[in-house]
Amino acid sequence: MLKDITIGQFFPGNSLLHKLDPRFKIIITGIFIAMLFAAQTFTALIPGVVFMIIGYAASKIPFSLMIKSLKPIIPIIIFTSILNLFFLDGIVIFKLWIIKITYDGVTYTGMMIIRIIALIAGSSLLTYTTSPIALTDAIESLLSPLKKIKFPVHELAMMMSIALRFIPTLIEETDKIMSAQKARGADMESGGLIHRAKALTPILVPLFVSAFSRAMELATAMECRCYRGGEGRTRLKQLSSSARDYLTTSFSLIFLNMVFLLNVYMAG
Amino acid sequence: MSANKEIKENINIKNVSFSYNSDEEKGTPLILNHCNLEIKKGEFIAVLGHNGSGKSTLAKLMNSILIPTDGIVLVDGFDTSDEENLFDIRRRVGMVFQNPDNQIVATIVEEDVAFGLENLGTEPAEMRQRVDEALKAVGMYDYRNHAPHKLSGGQKQRVAIAGIIAMKPECIVLDEPTAMLDPKGREEVMRTIKMLNRDYGITVILITHYMEEAAQCERIVVIDGGKVLMDGTPENVFSEVELLKSIGLDVPQVTELMYLLGKHGYTCDTHIITENDCTDFLAKFLSEKK
């Protein structure tokens, strides 16, 4: 069950998206998010969605994987749609007792759903096609100006990459602990919310204990391999930008401009 | 390498005592108690001892993860208690731990192998070459772009070993590297370790619970109560079956067989530690009986 979680997972490959400089990928993801949120009408959302689909095509990541990554956010989508659908004022198209649905509510909800889906699916592409190490390298590089004000950029990047490295390990461990507790008669699937939350204690406690002991061992192993912080460190993979990166970024900027144009055009 | 193999000492442990609760408290047990050990370059040593005998502590003293409470540890002449020598020592003595999951830092095999070199500030071009060499040496080159958590235990442990040998150490300390592996993984790791010692001349210190693994080494050191109890060739150490049993250790199965046959009045040689020697002996013994 827990193994289905794919957010933050990297799928090695050799596509155009895999080869892009991770720094540019982060910037492009930012531009993509801007596309989605700048759009004020359905038509203005089209460039963002098309951009995402082109991204998936260029990454050779199976579409089924995208569907899978969307599963955990279904409750959020339902919740926000209900809020938007029933509580927005405007031209009433359906009314029953105190419940009323407005035209504005419907369009706004529709846009919201598309926006959330595109946002999750599109930004997942960043982590699907970028190894966590490359990602943290990129963040470190993008944040490096902050070093001047003594912000611990390297330490932050290291912490992130280790956290990402241990996600699958700890998920596996959680599965094991759950099986072990179930074998001893723990009941985690029935009862109310509070009962279920309480049932999590015998899973979380051993998980934390083992995470701490793992951390201790990892720290020793890192010290054994001469780790001493960011100073004087070199990298196996040097970040280097090429024409490809600038081209892709310009491409995404064109899409963003299309969103602005459509906004103005559709409004006028 | 082989020319100075006999001359130079790699690690010298002189009269070392160690206790986790340092000095103040009285009566805290000494994990190591005036322990002496000399390890020469290119040796292949197994360290045996039951749980709590101090063998893991001994390993951690060798690359200044721990500092002796008393006495001195020298690695290539560098004193491990001097903070300034830290990196000179750690790049000479690499360490591989029991749980492969807890020593892999990166999410891609080759990036993990590069981790130590990155810390040392190696030039990227040279790093690339040394990472590839190390991965080829342990037979994991084809997996260089894989995610470590998808590998088997034996493969993960070989990646961890590659991460150490990329740093070109003179010595590798392995703290029960096969304890969490299945028989196949255990064999993979043992083959890799033996190859490193034979082909690269790297000193290997193997801490283990498996007597069959220890029997493959050149020299065995038995630790008990924080002291070196026995030190010699596998044949000589394992022939002391009763002494080993008295401190809670086993001997290889074939040696056990020889020992039991001897007890029943047959003339047997407890210096036999390999299956081949044992079958030869038994075949000879049976043919004589006819």
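In the elastic network of chain B, a GNM with C-alpha springs shorter than 10 Å, the most mobile of B:D250, B:D231, B:D142 is B:D142.
Summing +1 for each Lys or Arg and -1 for each Asp or Glu among the other residues whose beta-carbon sits under 12 angstrom from that of A:I77 gives +2. Between B:E187 and B:S17, the simple spin-label model (points 7 angstrom out along Cα→Cβ) gives 4.7 nm. Once you reduce segment B:64-123 and segment B:213-263 to the center of their Cα atoms, the two points are 31 Å from each other. In this label model, A:L156 and A:I74 are separated by 3.6 nm, measuring between points 7 Å along each Cα→Cβ vector. Around the Cα centre of segment B:107-170, unit charges on the Cβ atoms of Lys, Arg, Asp and Glu (plus for the first two, minus for the last two) sum to a dipole of about 280 debye. Between the residues B:Q216, B:G52, B:T203, the greatest Cα displacement towards the positive end of the dipole of chain B, with unit charges on the Cβ of Lys, Arg, Asp and Glu, is found for B:Q216. Please find the FRET efficiency linking B:E38 to B:N276, where r is the Cβ-Cβ separation and R0 is fixed at 25 Å, and quote it to the nearest 0.05. The pair B:E38/B:N276 has a calculated efficiency of 0.20.
The largest accessible area among A:I98, A:I162 belongs to the first residue in A:I98, A:I162, and the rest follow in falling order (1.4 Å probe, all chains).
Charged neighbours of B:A125, selected by a Cβ distance under 14 Å, balance to -1 (K, R count +1; D, E count -1). For the options A:Y128, A:Y56, A:Y246, a Gaussian network treatment of chain A with springs between C-alpha atoms closer than 10 Å singles out A:Y246 as fluctuating the most. Simple rule: put +1 on each Lys or Arg Cβ and -1 on each Asp or Glu Cβ in the protein assembly as shown, find the dipole, and look at B:F18, B:G232, B:N85; the Cα lying farthest toward the positive end is B:N85. Peptides A:189-199, A:66-76 ordered by packing proxy, namely the average of other Cβ atoms within 10 Å per residue, highest first: A:66-76, A:189-199. When the Gaussian network model of chain A links Cα atoms closer than 10 Å, the mean-square fluctuations of A:S240, A:S15, A:S123 top out at A:S240. The mean number of partner chain beta-carbon atoms within 10 angstrom of a residue's beta-carbon across peptide B:118-127 is 5.
Of the residues A:S81, A:P206, A:M52, the one whose Cα sits farthest toward the positive end of the charge dipole of segment A:2-267, with +1 on the Cβ of Lys and Arg and -1 on the Cβ of Asp and Glu, is A:P206.
For segment A:2-267, the dipole from Cβ point charges (+1 on Lys and Arg, -1 on Asp and Glu) about the Cα centre works out to 300 debye, to the nearest 20. The Cβ shell under 12 Å around B:N85 holds other residues with a net charge of -3, Lys and Arg each +1, Asp and Glu each -1.
Charging the Cβ of each Asp and Glu at -1 and of each Lys and Arg at +1, and nothing else, the dipole of the protein assembly as shown about its Cα centre rounds to 2320 debye.
For the pair B and A, the buried accessible area comes to roughly 3300 Å² in total, with a 1.4 Å probe and the value rounded to the nearest 100. Computed over protein heavy atoms with a 1.4 Å probe, the accessible surface of the protein assembly as shown works out to 51 Å² per residue. If the chain linking A:Y246 and A:S144 were pulled fully straight, counting 0.36 nm for each residue of separation and taking away their Cα-Cα distance, it would gain 34.7 nm. Report, in listed order, any pair from A:K19/A:K147; B:K168/B:K194; B:K14/B:K245; B:K60/B:K168 with a Cα-Cα distance greater than 24 Å. From A:K19/A:K147; B:K168/B:K194; B:K14/B:K245; B:K60/B:K168, over 24 Å: A:K19/A:K147; B:K14/B:K245. The H on the amide N of B:M95, modeled in the peptide plane, is under 5 Å from the matching H of B:V173, each at least 5 residues off or on a different chain.
The values are calculated or read from the model by the stated rules, or taken from the named source; none is laboratory data. What you are looking at is a predicted structure, and each value in this text was computed from that prediction instead of being measured. So basically every Cβ, Gly included, is an ideal-geometry build from the backbone, and we count neighbours across all protein chains shown. The accessibility values were calculated without ligands, DNA or RNA, using every heavy atom of the protein model including side chains. Shrake-Rupley method; radii C 1.70, N 1.55, O 1.52, S 1.80 Å.
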